[in-house]
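Just so you know, all these numbers are worked out from the coordinates, no wet-lab data involved. Keep in mind that what you see is a predicted model, and the values were worked out from it rather than measured. All Cβ positions, even for glycine, are placed from backbone atoms using ideal geometry, and neighbour counts span all protein chains on display.
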Ligand SMILES: Nc1ncnc2c1ncn2[C@@H]1O[C@H](COP(=O)(O)OP(=O)(O)OP(=O)(O)O)[C@@H](O)[C@H]1O
Ligand SMILES: [Mg+2]
């Protein structure tokens, strides 16, 4: 039994959580505001805090920040009905133990409490407010990425971002920079695939005047330009082997040698990205194994857009809003969800820009998206299945069948579960795993939401 503090301005939510925490055998305290919570913490030390994000007065992030400056802060899990990239990243950066979307079921609550109580809290962070909201996505996969960004932002660990073309590797690299303590410093990007091998060394490390024919002046190079900031090495999988050795040295010693010049120390955080499978490249000898391990300290994988169904419509709406003021019809949204998106987010962005220009009315209809090719994954026909292992192929098939059942049942999960002949709870678990969503869940109940009455309406 441990003491848990529940902070929520919503009385119903507070009481439901209090009761659930007591049922799970813990000692529950409740506070209706951030101020009240901080006062209570002065009097009763607790092992864990369940903290609402949106509260009048002091908001959850501010409460979290203050809790984290205490000498031995309890573990804090942020609970919110309004998860966004910025608040997820920020909460994790400020040292939240976890960031969870409401409503939560009893089993989730029990798991969260167990994990929090097993946790010993770390060092508090210095704070600054990051407000940029450029990383759209609420799929489980994107939320995991957002949490990782928050955890990573303030340290200098080398990050390797992998993912197919257009999945957002560069946006993630920028988000790490923008949310971290180097955000006032420069962000320099070098595309290692676009620069001829013989120029890459000078591009990265600079050169001194006269180092080679054409070197008329000193050139600082990307590492220097990124001093006290972040260097983004894009398409590092395409870097020639000779350069890989030099990069390894720069990463290990934080020392660079300009062409024709002397070694000098640099203060740079490196984020690398590639669309290649580096393990395969290591196997076939085109990528150094030691560099791979040096980069692989913190890997972030961005799944293809087709595996992040929950992100498609929010991203489409975001791009559409940027390009004009048109709305997506439900039919158009369904059409977007069925498309396979081989070009991932970039393809979606281009499609929305095209639609913003070409469609005359205020609403985008399904027919307006006819230019999306015929490779819709709705029923598996015409898919050129990639050469992947059996578990991956089965997961893809399963996600596709669930998506189709949800569509055919108009988003009603109970009906979709019947069509699939699986238990509803199993369907929910699988939907969570694949980042699929069927409906707008506004329940504030802590118990399992019951939708057996089939009253839910579908949101594509
Ligand atoms: N989660 C996201 N939220 C908002 N915009 C996004 C997101 N992911 C990608 N984008 C947008 O999609 C486009 C492609 O993203 P980005 O350039 O980061 O992809 P990439 O993985 O680096 O692709 P490549 O491998 O082709 O370089 C950009 O315009 C980017 O702004
Ligand atoms: Mg890129």
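With the simple model of a label 7 Å out from the Cα in the direction of the Cβ, residue 165 to residue 134 spans 2.2 nm.
Normalising the average separation of contacting C-alpha pairs (under 8 angstrom, six or more residues apart) by the number of residues puts the relative contact order of the chain at 13 percent.
For the chain, the antiparallel share of DSSP beta bridges with both residues in that region comes to about 5%.
When a/c is below 1.5 the answer is rounded, else prolate if a/b is larger than b/c, else oblate, so apply that to the chain with a ≥ b ≥ c taken from the square roots of the Cα gyration tensor eigenvalues.
Values: a/c = 2.06, a/b = 1.25, b/c = 1.65.
Oblate, since a/c reaches 1.5 and b/c is not below a/b.
Taken along the Cα-to-beta-carbon direction at a fixed 7 Å, the label points for residue 429 and residue 298 span 3.2 nm. At an R0 of 41 angstrom, the distance between the Cβ atoms of residue 401 and residue 197 translates into a FRET efficiency of 0.30. In terms of packing, defined here as the mean over residues of other Cβ atoms within 10 angstrom, the peptides 86-97, 315-326, 179-190 line up highest first as 86-97, 179-190, 315-326. For the range 192-247 versus the range 86-100, the spacing of their alpha-carbon centroids is 36 Å.
Which peptide among 280-286, 399-405, 306-312 comes first, and what is the full order, when sorted by highest mean count of other Cβ atoms within 10 Å?
306-312, 399-405, 280-286
Using the average count of surrounding beta-carbon atoms within 10 Å as a protection proxy, the listed peptides 99-105, 206-212 rank, highest first, as 99-105, 206-212. FRET efficiency for residue 117 and residue 276, Cβ-Cβ distance as r, R0 = 51 Å, nearest 0.05? It comes out at approximately 0.75.
Computing FRET efficiency as 1/(1 + (r/R0)^6) for residue 325 and residue 10, where r is the C-beta to C-beta distance and R0 is 45 Å, gives about 0.85.
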